[in-house]
Amino acid sequence: MSIIKSVNLVHKFSVTDDNDNIIEENSALDGVNIDVAEGQFIAILGHNGSGKSTFARHINALLTPDEGTLYVAGMDTKDESKLWEIRQNAGMVFQNPDNQIIATMVEEDVGFGPENLGVPTKEIWERVDKALSAVGMTEYRHHSPTKLSGGQKQRVAIAGVVAMRPKCIILDEPTAMLDPNGRKEVIKTVHELNKQEKVTVILITHYMNEVIDADKVFVMDKGKVVMEGTPSEVFAHVEELKSLGLDVPQVTEIAYRLNEKGISMGQCVLDIDEFKRKYKNATGHDIKNIGDEPDLNEDKTNKADRKLVLEAKNLKYVYEEGTANEKGALDDVSLDIYEGEFLGIIGHTGSGKSTLIQHLNGLMKADSGEIYFNGENIYDKEFSLPFLRKHVGLVFQYPEHQLFESTVFEDVCFGPKNLGLSKEETTEAAKKALAQVGLNEKYYEKSPFELSGGEKRRVAIAGVLAMNPEVLILDEPTAGLDPKGRDDILNQLKILQKERNIAIVLVSHSMEDVARFADRLVVMNGGKKLYDGGCREVFSHYMELEKIGLAAPQVTYLMADTGKTVMTVEEAVELL
Amino acid sequence: MIRDITIGQYYQADSVVHRLDPRVKLMATLVYIISLFVADSILGYAIATVFLIVSVKLSKVPVSYVLRGLKSLIFILVFSASFIVLFSKGDNMLAKFWIFTISVEGIFNAIEMVFRLMLLLVGSSIMTFTTTPTDIADGLEKAFGPLKKIKVPVHEMSMMISIAFRFIPILIEETDKIMKAQIARGADFETGGIIKKAKGLIPLLVPLIISSIKRALDLATAMEARCYRGGEGRTKMKPLTYKEIDHNAYMILIFYVVIIIGSNMLMNDVLGFSVMKFFV
């Protein structure tokens, strides 16, 4: 039986001028036909702005169709008398974990939905108990949500929906703001709900590896469903997905490229074991028996010929010293940054990486240890911190949240102006910075708030770049972006590093990204520096990385049998 | 820096004070604040202090944590104390220059005022440390429940308070983040005159307001999606009912009021002089 059925669903939104005249009409949804059977696990893919979130809001009757019809558990969403029944049956989990938790204690938040439904007190408690245990958050029931990790908050949000006993749960990019561990937690929880409680799940995401276990995948673009089928049917169209601004898992891409090279890997490969099996069938030998040719590049971490720009020595920092919440954030960390290098810093949330980078431009002061910038101790009384901040630029996570001026251009000028540059110099610096992040003159007079997520982020990066730093540190610059937005930013950074010969420090959760772009890699764990070396060298410790909850890129695992540390799809294709 | 503000935050522990009905705690806080203005003698302050120390101990909130909240308000305390010292006139002048006078009375007044403020702040923070904002809101909703009859939106107001509390730590963190981000872009929040400082706040306030509006919209959507439609027909997961412990707490409170008033009468009327006269 179908639980959700949309028939030619259309949703329009109009842009009006100051006099409320409609100047433009766009269709966020343009004739969507989706049919979901009860108990299925459905994934909806699409880049930012493809209409997938709008569709999700229709299922929950937060929006109603302009044309066409949408049935949820047999009820028409336009029927206002069924509104609350529809919302109860189609629960929704949103992207930002902070903005959907209402209460200040976990169990009270889970009880919020049942309270609204008018469920008797005794039954609320039963439902809350059950919902919390279904998402594995029972031991946190008396905690305050602010103290939980992102993944835990999303599980609380899921429990809040489960407690309403819905037939169907819609998750709108629930993992976009989480780190890899949080992502795994949430996806595992959702799968369990689907299998054990038989709840229909609709997962909206742009992480491809979250999709491979779905029963059915829909791909949306410009308000239309452009592809649908099982994951292996959809992922067989590698080129098409890429042209839609999406991505495929690394093994899938390698298999696809091998097909092109004449090694027949079949229609679509989704996991490593399947890959190995098909590879053996096609070539007659195991992956581990491939030849030694060609040789992989050695790590290029030749430091001798590069200037040492920033040198941190034995940094120690403790949060909330002397209280119950005391925790060490940095424990004897030393780090060198050389001119013009691309350094990756990885580690999961709480590993101390954010604390470390805030020390590097003097926003935080170490309890002990020293930092030298071009040989000068930044903790000296005479040393000017504004001078340091000009030369060591720091782009925070979600930097678009710091935009405030009325035009893009003025916003980018903020930094140089603060440095006391003349008007001409400021204008020139801003123009150069905007050009280098790929934004042309068309954008200068626009308001930063009317831009897309990826564009806003580039404006924010330009704002720091305009100060002309020697070291540019970025804290997860790709968080929350779709695959295309992510690649655009990273490619731009690589170009910057070459053009300006500045050191780029990329803090990231994504092993694939650092493997593709960084020359050198630092791994942080529990406030300590665990590894510091060439990328390939660090990833050769993938077993140890896994023990601390990190992992190497998927391709490294695929190729582990060969005894080589392979880091990118290109290398793997060449070797096979 | 800004994260040190602990006032208004719940501290999780399992204590008698935590288990009390929020209405009791609201009433006790109110009574305590009034008592600080009634108690006008050393004995009165001593009783109020002892009462507070016992409550802090019972609440199992670490003393250092309680005092940290005061730390962020030291400036206000020092400022108002010096104001009183410099401007209050008294019979026993110690020094006089320009428009300022320092007198023994002024100093005593200042000490008394600072002490009173500290008791007041700690006293009210005990309530917020031991009561979740939802409970505070519930307590207020129930205590003011009768006002619903004259169309006062009691439920909506209590929901607003509870949400405000929920977002305090989030917004504090966000302010901290935006501030750091702008400092990294060379912004200066520290130096300059009032006008320059006020102008300097724009890069902080604009992003903060924009993000607050976005959060508010998100939250409203999330609440609607979870079938929130006002107080009508809503049930409670934790309905408020008085238990024995609450009755006892009320008795203790009454007892406290009686001895505060008693001490006041004893010091002022029976002995015929106030603390200050005693010292002067």
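Observations, loosely collected:
- Between the range A:470-485 and the range A:502-576, the alpha-carbon center distance in angstrom: 18 Å
- Amide H to amide H, with H built 1.01 Å from N, A:Met227 comes under 5 Å of A:Val219, counting only residues 5 or more places away or on other chains.
- Over the protein assembly as shown, all Cα pairs binned in 10 Å intervals from 0 give whole-percent P(r) values of 2, 10, 18, 21, 20, 15, 8, 4, 1, 0, 0, listed from short to long.
- Helix axis angle, A:106-117 relative to chain A longest principal axis, alpha carbon, degrees: 30 degrees
- Each other residue within a Cβ distance under 12 Å of A:Ser27 adds +1 if Lys or Arg and -1 if Asp or Glu, for a net charge of -2.
- Legend: residue pairs A:Lys431/A:Lys494; A:Lys5/A:Lys198; A:Lys82/A:Lys198; B:Lys71/B:Lys148; A:Lys365/A:Lys494; A:Lys528/B:Lys180, Cα-Cα distance threshold 28 Å; pairs beyond threshold, B:Lys71/B:Lys148; A:Lys365/A:Lys494.
- Legend: calculated FRET efficiency, B:Ser64 to B:Lys89, from the Cβ-Cβ distance at R0 = 45 Å, rounded to 0.05, equals 0.70.
- Chain B shape via C-alpha gyration tensor axes, a/c threshold 1.5: oblate
- Cβ crowding within 10 Å, taken as a proxy for footprinting-reagent exposure, orders B:Arg19, A:Arg520, A:Arg457, A:Arg536 from fewest neighbours to most as B:Arg19, A:Arg536, A:Arg520, A:Arg457.
- Where labels lie 7 Å past Cα in the beta-carbon direction, separation of B:Gln12 and B:Lys199 in nm: 4.7 nm
- The residues A:Ser149, A:Ser508, A:Ser144, A:Ser384, when put in order of fewest to most other Cβ atoms within 10 Å, stand as A:Ser384, A:Ser149, A:Ser144, A:Ser508.
- Extension gain (nm, one decimal) between A:Glu544 and A:Lys78, 0.36 nm per residue minus Cα-Cα: 162.3 nm
- Ascending count of other beta-carbon atoms within 10 Å, so fewest first, for A:Glu455, A:Glu228, A:Glu570, A:Glu441: A:Glu441, A:Glu570, A:Glu228, A:Glu455
- Taking GluC sites (Glu not before Pro) across the range B:169-229, the ones in a DSSP loop with at most 15 further Cβ atoms lying within 10 angstrom of their Cβ are B:Glu190.
- Derived scalar couplings ³J(HN,Hα) [the range A:160-177; Karplus, 6.51 cos²θ - 1.76 cosθ + 1.60; whole Hz; x for Gly, Pro]: x, 6, 4, 5, 8, 6, x, 7, 8, 10, 10, 10, 9, 6, x, 10, 4, 9
- Within chain B, helix-based [θ] at 222 nm, where runs of 4 or more DSSP H residues each add -39,500 (n - 2.57), nearest 500: -22500 deg cm²/dmol
- With the charge dipole of the range B:140-248 set up from +1 on Lys and Arg Cβ and -1 on Asp and Glu Cβ about the Cα centre, the Cα lying farthest toward the positive end among the listed residues B:Tyr242, B:Val152, B:Gly186 is that of B:Val152.
- Taking Cα centre as origin and charging only the Cβ of basic (Lys, Arg, +1) and acidic (Asp, Glu, -1) residues, the dipole magnitude of the range A:1-114 rounds to 420 debye.
- Number of partner chain Cβ atoms within 10 Å, mean per residue of A:102-115: 6
- 5 angstrom amide H check on A:Ile473, placed H, neighbours 5+ away: A:Gly393, A:Leu394, A:Val395, A:Val505
- Each part gets one Cα centre, and for the range A:54-94 versus the range A:354-406 those centres are 49 Å apart.
- Under a 5 Å amide H cut-off, with hydrogens placed 1.01 Å from N, A:Ala329 pairs with A:Tyr317, A:Val318, A:Tyr319 among residues at least 5 apart or on other chains.
- Net charge over other residues, Cβ less than 11 angstrom from the Cβ of A:Asn259 (K, R count +1; D, E count -1): +1
- Rounded to the nearest whole Hz, the Karplus-based 3J(HN,Hα) values (6.51 cos²θ - 1.76 cosθ + 1.60, θ = phi - 60°) of the range A:372-388 follow the sequence 10, 10, 6, x, 9, 6, 6, 8, 5, 4, 7, 6, 8, 5, x, 4, 4, with x at glycine and proline.
- Förster radius 30 Å - calculated FRET efficiency between A:Ser368 and B:Lys236 (Cβ-Cβ, nearest 0.05): 0.05
- Antiparallel DSSP beta bridges within the protein assembly as shown, percent to nearest 5: 60 percent
- Spin-label pair A:Lys147/A:Glu24, simplified geometry with 7 Å Cα→Cβ offset, distance in nm: 4.8 nm
- Applied to the range A:447-460, the Karplus parametrisation 6.51 cos²θ - 1.76 cosθ + 1.60 on θ = phi - 60° returns per-residue 3J(HN,Hα) values of 7, x, 7, 9, 7, 6, x, x, 5, 4, 4, 5, 4, 5 Hz, with x for Gly and Pro.
- Count Lys and Arg as plus one, Asp and Glu as minus one, and take only other residues whose Cβ is under 14 Å from that of A:Ser81; the net charge is then 0.
- The distance linking the range B:128-160 with the range A:141-203 is 30 Å (Cα centroid to Cα centroid, whole angstrom).
- Rounded to 0.05, the FRET efficiency of the A:Asp286 and A:Thr230 pair, given R0 = 45 Å and the Cβ-Cβ distance, is 0.95.
Throughout, read-outs are computed from the coordinates displayed, never taken from laboratory work. Keep in mind that what you see is a predicted model, and the values were worked out from it rather than measured. Don't worry about glycine lacking a Cβ; one is built from the backbone with ideal geometry, like all the others, and counts go over all protein chains shown.
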